[in-house]
Amino acid sequence: MALPFFWMLVTALKSSSDALRFPPTLLPEAFLFRNFITAFREVDFLRYFINTVIMTAAITALVYITTILAAYAFARLKFLGRETLFSLFLAMMMIPLPVYLAPTYSILSRLGWIDTFLALIIPWSVNVFAIFLLRQHFRSLPQELFDAARMDGLDHLQIIIKIVLPLSKPILITIGIFEVITSWNSFLWPLIVTHSDSMRTIQTGLSYFAQAESTNYPLLCAASAFTTVPLIALYFLLQRHIMESYVRSGIKE
C-alpha cells in the first residue's frame, strides 16, 4: 500500500529523463526538490488551496451543526414518524451520485449559485452517514444522564452542549476527519458546478494541470504529492481518535 506513495515521492525528485529511464531506478541520480516549487508555480495552486480550504471548512462546520441536531432528535426526542423518517434518510444513502447530479445542478442554476462557493458548500451540508453514526452513539449513552439533566432544568440545547458533546469527542473527531477527506478529494461535483479558474478546487486544478503536463512525470508527481500530504498528515495525527470512536460507539440499536 505504501509503495505507490513512495514511488510518487521518488519520481517527484527526479529529472524528466531520469523518470523515463528503463529499466527504472529506485532513487534519483540527483534530488531535485525544485520540482515542487516549479509545479506549484505552473498554475495557481495557491488559489486552489485557498478555495479547497474554504469549501472544506464550511462543509465540515455545517455538517457538524446538522448532524448533531438531527442525531440528537432521532436518538432522544419522541415524535410522530421518527423511525419512518430515519429510514427514509438511510434510504437516501442508496441513491448513487449521478442520479441527482442533473436535478441538483438545475436547482442551483435557477438560484444563480453556479460557479460560487454556495454551489460547492450547501448541497453537502448534510451527511446522512454521519447522522446515522452519531445517532447510534447518542442512543448508547445512559438514559440516567438525560433524566438528571432534565431534573436540573436543562433544555435540549443545554443538554447537547454540556453533556452530550463532551462525551462524544472521539466520534465527532472521526466525523470531522471523514468530512475533511471527502471534501478535500471531491472532484466530480466541483468540476460540474465551477467554470472559472478562480473557483477551482485542488482536485480540479490538479486535473487541468495533469492535462497540461501529461508527459512531465516529475512535475505531475510533485503536484500530486503536495495535494495528498496534508491528508496523510492529518490522518496519522488523529488516527487514535478514529479507533477510539469505533470502540465507544458500538454501532448498535
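Using only Cα atoms, find the angle between the long axis of helix 82-92 and the longest principal axis of the chain, and express it within 0 to 90 degrees, rounded to the nearest 10.
10 degrees
Below 8 Å between Cα atoms, with a sequence gap of 6+, how large is the relative contact order for the range 53-147 in percent? Each step should come with its number before you reach the end.
On the way: 54 pairs, mean separation 52.6, N = 95.
It rounds to 55 percent for the range 53-147.
So what's the back-of-envelope 222 nm ellipticity for the chain, counting only DSSP H runs of four-plus at -39500 (n - 2.57) apiece and dividing by all residues, rounded to 500? Walk me through the numbers before you get to the answer.
Values: 14 runs with 178 residues, N = 253.
The helix contribution divided over the chain gives -22000 deg cm²/dmol.
Could you give the dipole magnitude of the range 1-155 about its Cα centre, charging the beta-carbon of Lys and Arg +1 and that of Asp and Glu -1, in debye to the nearest 20?
Taking the Cα centre of the range 1-155 as origin, the dipole is about 160 debye.
With axes computed from alpha carbons, what is the tilt in degrees of helix 3-12 against the longest principal axis of the chain, rounded to the nearest 10 within 0 to 90?
50 degrees
Could you order peptides 171-182, 32-43, 140-151 by the average number of other Cβ atoms within 10 Å of their residues, highest first?
Working: 171-182: 19.4, 32-43: 15.9, 140-151: 12.2.
The peptides rank, most packed first, as 171-182, 32-43, 140-151.
Hey, rough spin-label estimate for LEU85 and PHE22, points 7 angstrom out along Cα→Cβ, what's it come to in nanometres?
Those two pseudo-labels are separated by 6.2 nm.
Please get the size of the charge dipole for the range 4-90, origin at its Cα centre, with Cβ charges of +1 on Lys and Arg and -1 on Asp and Glu, quoted in debye to the nearest 20.
Working: 8 positive and 5 negative charges, 61 e Å.
Dipole magnitude for the range 4-90 comes out near 300 debye.
Can you compute the equivalent ellipsoid semi-axes for the range 1-50, i.e. the square root of 5 times each eigenvalue of the Cα gyration tensor, sorted largest first and rounded to whole Å? Please report the intermediate quantities before stating the final value.
Working: eigenvalues 110, 38, 14 Å².
Equivalent-ellipsoid dimensions as semi-axes: 23, 14, 8 Å.
Any idea which of SER16, THR104, ALA30 is furthest toward the positive side of the dipole for the range 1-113, if Lys and Arg beta-carbons carry +1 and Asp and Glu beta-carbons -1?
Final value for the positive-end residue is THR104.
Taking only pairs that are 8 or more places apart or on different chains, how many Lys pairs in the chain have Cα atoms under 27 angstrom apart?
Numbers: LYS78/LYS162; LYS78/LYS169; LYS78/LYS252; LYS162/LYS252; LYS169/LYS252.
So the count works out to 5.
Round to the nearest 0.05 the FRET efficiency obtained for LEU165 and SER106 when R0 = 41 Å and r is the Cβ-Cβ distance.
Working: r = 37 Å, r/R0 = 0.91.
For R0 = 41 Å, the calculated efficiency reads 0.65.
Among PRO218, LEU154, LEU206, which residue has its Cα furthest toward the positive end of the charge dipole of the chain, with +1 on Lys/Arg Cβ and -1 on Asp/Glu Cβ?
Farthest towards the positive end: LEU154.
How big is the range 1-100 along each principal axis, measuring the range of its Cα positions in Å and listing the largest first?
Here the spans come out as 70, 30, 27 Å, largest first.
With a cut-off of 8 Å between alpha carbons and a minimum separation of six or more residues, what is the relative contact order of the chain in percent?
Numbers: 236 pairs, mean separation 89.4, N = 253.
So the answer I get is 35 percent.
If I compute semi-axes √(5λ) of the Cα gyration tensor in Å from the structure I just sent, which labelled value in (1) 42, 23, 15; (2) 28, 20, 18; (3) 28, 27, 15 lines up?
(1)
How high is the relative contact order of the range 113-253, in percent, with contacts defined as C-alpha pairs under 8 Å that are six or more residues apart? Before the final figure, lay out each step's value.
On the way: 79 pairs, mean separation 60.5, N = 141.
Worked out over the range 113-253, it gives 43 percent.
What are the ³J(HN,Hα) values, in whole Hz, obtained from phi via the Karplus relation 6.51 cos²θ - 1.76 cosθ + 1.60 with θ = phi - 60°, for each residue of the range 220-236 in sequence order, with x given for Gly and Pro?
For the range 220-236, the Karplus curve yields 4, 5, 5, 5, 5, 5, 6, 8, 9, 4, x, 6, 5, 5, 5, 5, 5 Hz.
For PHE6 and GLN239, FRET efficiency with R0 = 22 Å and r from the beta-carbon atoms, rounded to 0.05?
On the way: r = 19 Å, r/R0 = 0.88.
Efficiency at R0 = 22 Å is approximately 0.70.
Mind giving me the FRET efficiency for LEU118 and PHE33? R0 is 35 Å, r the Cβ-Cβ distance, nearest 0.05 is fine.
The calculated FRET efficiency here is 0.35.
Quick note: the coordinates plus some simple rules give every number you see, no bench work behind them. This one's a predicted model, so the numbers in the text were calculated from it and none came from an experiment. For neighbour counting, all protein chains shown are included, and Cβ atoms are generated from backbone atoms with ideal geometry for every residue, glycine included.
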